[in-house]
Amino acid sequence: MSVEVTRLENGLTVVTDSMPHLQTTSVGMWVNTGARHESAREHGVSHMLEHMAFKGTERRSALAIAEEIETVGGHLNAHTTHESTAYYARVLREDLPLAVDILADILQNSVFDPQEVERERGVIISEIGQAHDTPDDVVFDDLLEAAFPGQPLGRSILGTVDTVSGFGRDDLHGYMNERYLAPGMVLAAAGGVDHETLVRLASERFTTLRQHKSNGAAKAAFEGGEIRKERDLEQTHLALAFEGPTYSDPDYYTAQVFSGVLGGGMSSRLFQEVREKRGLCYSVFAFSWSFADTGVFGVYAGTAPEHVAELMPVLSGELGRIGVDVNEAEVARARAQIKAGLMMGLESSSSRAEQIARQYMIHGRVLPIAELIEKVDAVDAAAVGRFAGRLLGGKRFALSAIGPLKGAGGGLESYDRLAARFAN
């Protein structure tokens with residue numbers, strides 16, 4: 001990695017990672033604001049802003065934005081998370097000035113035409129409906145709501161039909177003016193890019209960003225609880241989670257390795273025990289999500305309703321067993337998977353751009369790959385066992401379930417009965 005960083009006078013940070021052998025460049029703007037920065041009335045506005053950014057500026061119509069980037073064979077897209085929003089393009093290296101100009105235009109000069117707002121509102125409401133019809137998505141939204149009830153981090157990124165229906169042009173302009181501030185934004189590029197060229201382009205194009213510092217999100221508190229939804233589905237979707245580490249927690253990398261041992265691949269304990277040996281489900285995996293001030297470590301499984309009663313004791317048993325008999329061979333496999341993923345990501349300019357932007361926003365610097373590998377290699381079986389004890393140490397957990405919940409054998413156990421299993 002050949003990372004260079006420059007902070008402009010207005011507070012905007014420019015970060016590049018040059019890959020001279022590439023003829024393409026991935027470039028984007030990462031904004032330090034997302035769904036958890038919204039008030040209850042603003043629920044979903046970050047995501048709607050992401051959609052509206054491509055719907056016309058003072059200089060370009062929505063069609064012109066699409067035509068200009070596609071005329072040079074480029075690609076333009078965006079996404080919203082709980083803690084950030086990103087707008088990015090991939091183009092041939094000689095078309096970097098066009099990509100930066102379009103990004104600057106949509107982030108500084110969007111007009112939010114009322115007719116476009118109405119059209120895109122309908123698109124987003126359809127997206128919300130589609131998400132509600134996808135139970136293996138709903139179960140994760142419900143999991144966060146159960147973990148962080150009544151808190152911004154527990155709300156879905158998309159918003160609700162009611163909140164999205166209430167957003168108008170002034171709401172979008174107001175939120176952008178309040179949250180899209182230069183000191184909280186990172187312009188990142190990887191691939192065929194010259195750092196000084198991008199700095200010059202940024203200085204020339206991003207001239208009207210406000211220079212104030214934005215307020216942070218309200219601190220999240222993992223509370224735990226459950227959300228159960230009885231629905232007539234072919235499968236029952238289950239997710240349970242405990243409070244996990246933050247990005248800066250020393251156990252961040254331990255959690256990643258633990259996740260790999262428990263449910264990160266075909267050799268993982270959950271895959272072998274739940275799917276291969278018992279045939280209880282097709283999909284089962286573990287995950288670790290970190291945020292600025294909290295985290296979520298969990299397990300997902302989709303199973304036939306008649307297997308629910310058998311599945312949950314197996315899941316809880318595998319979670320508890322790792323702390324007792326985890327071995328160095330399986331920890332080494334999990335470390336190898338993580339390191340291979342890191343190295344493979346370095347071969348993609350879009351993955352590199354995403355990585356350097358997020359790392360700078362989270363840590364205030366880009367972490368060298370050697371440092372990341374060293375942190376992963378430092379996790380041994382003893383650390384994984386200790387983390388298992390921390391995770392299951394008598395704390396409340398979050399549970400979400402959707403589908404037929406009262407199958408043969410008693411169906412899904414009560415929250416208290418499951419809690420007793422984890423306490424054993």
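In the chain, the inverse of the mean reciprocal separation of distinct Cα atoms equals 23.0 Å; this is its Kirkwood hydrodynamic radius. With an a/c value of 1.5 or above and a/b not larger than b/c for the gyration tensor axes a ≥ b ≥ c computed over the alpha-carbon atoms, region 131-171 is described as oblate. Probing with 1.4 Å while keeping every protein chain in the model, the per residue accessible area of the chain equals 42 Å². Comparing PRO152, PRO183, PRO250 in a Gaussian network model of the chain (Cα springs below 10 Å), the most mobile by mean-square fluctuation is PRO250. Screening the chain for DSSP H helices whose Cα atoms reach 24 Å or more along their own axis and whose mean Kyte hydropathy is at least 0.0 gives 308-325, 328-345. With the charge dipole of the chain set up from +1 on Lys and Arg Cβ and -1 on Asp and Glu Cβ about the Cα centre, the Cα lying farthest toward the positive end among the listed residues VAL324, PHE258, VAL139 is that of VAL324. Site pair HIS212 and ASP380 shows an inter-label distance of 5.2 nm when each label is modelled 7 Å from Cα along Cα→Cβ.
Under the simplified labelling scheme, the ASN177-GLU230 pair shows an inter-label distance of 5.1 nm, with each label point 7 Å from Cα along Cα→Cβ. Identify the residues of region 57-83 with backbone N under 17 Å of a label point that sits 7 angstrom from the Cα of ASP101 along the Cα-to-Cβ direction, or state none. Hits in region 57-83 for ASP101 at 17 Å: 57-76. Around the Cα centre of the chain, unit charges on the Cβ atoms of Lys, Arg, Asp and Glu (plus for the first two, minus for the last two) sum to a dipole of about 880 debye. Rg/Rh for region 299-422 stands at 1.08; both radii use Cα atoms, and Rh follows the Kirkwood definition.
Name the residue, out of MET361, MET185, MET343, whose mean-square fluctuation peaks in a Gaussian network model built on the chain with Cα pairs under 10 Å. In this elastic network of the chain, the residue with the biggest mean-square fluctuation among MET361, MET185, MET343 is MET343. What a 1.4 Å probe finds exposed on the chain is 50% carbon and sulfur by accessible area, rounded to a whole percent. Ordering 300-310, 226-236 by mean Cβ neighbour count within 10 Å, with the highest value first, yields 300-310, 226-236. Extension gain, GLU196-ARG169: 0.36 nm per intervening residue step, less the Cα-Cα distance, totals 6.1 nm. For region 135-228, the Cβ-based charge dipole about the Cα centre amounts to some 520 debye (Lys, Arg positive; Asp, Glu negative; other atoms uncharged).
Using a probe of 1.4 Å, the accessible surface attributed to SER110 totals some 10 Å² when neighbouring protein chains are kept in position.
Sequentially through region 2-9, phi angles give Karplus couplings (6.51, -1.76, 1.60; θ = phi - 60°) of 10, 7, 10, 10, 9, 9, 6, 4 Hz, Gly and Pro residues having no value and appearing as x. The modelled label-to-label distance between ARG59 and ALA336, using points 7 Å beyond Cα along the C-beta direction, is 5.2 nm.
The values are calculated or read from the model by the stated rules, or taken from the named source; none is laboratory data. Remember, it's a predicted structure, so these values are computed and weren't measured experimentally. Cβ: placed from backbone, ideal geometry, glycine included. Neighbour counts: every protein chain shown. Just so you know, the surface numbers come from the protein's heavy atoms only, side chains and all, with ligands and any DNA or RNA stripped out. Shrake-Rupley method; radii C 1.70, N 1.55, O 1.52, S 1.80 Å.
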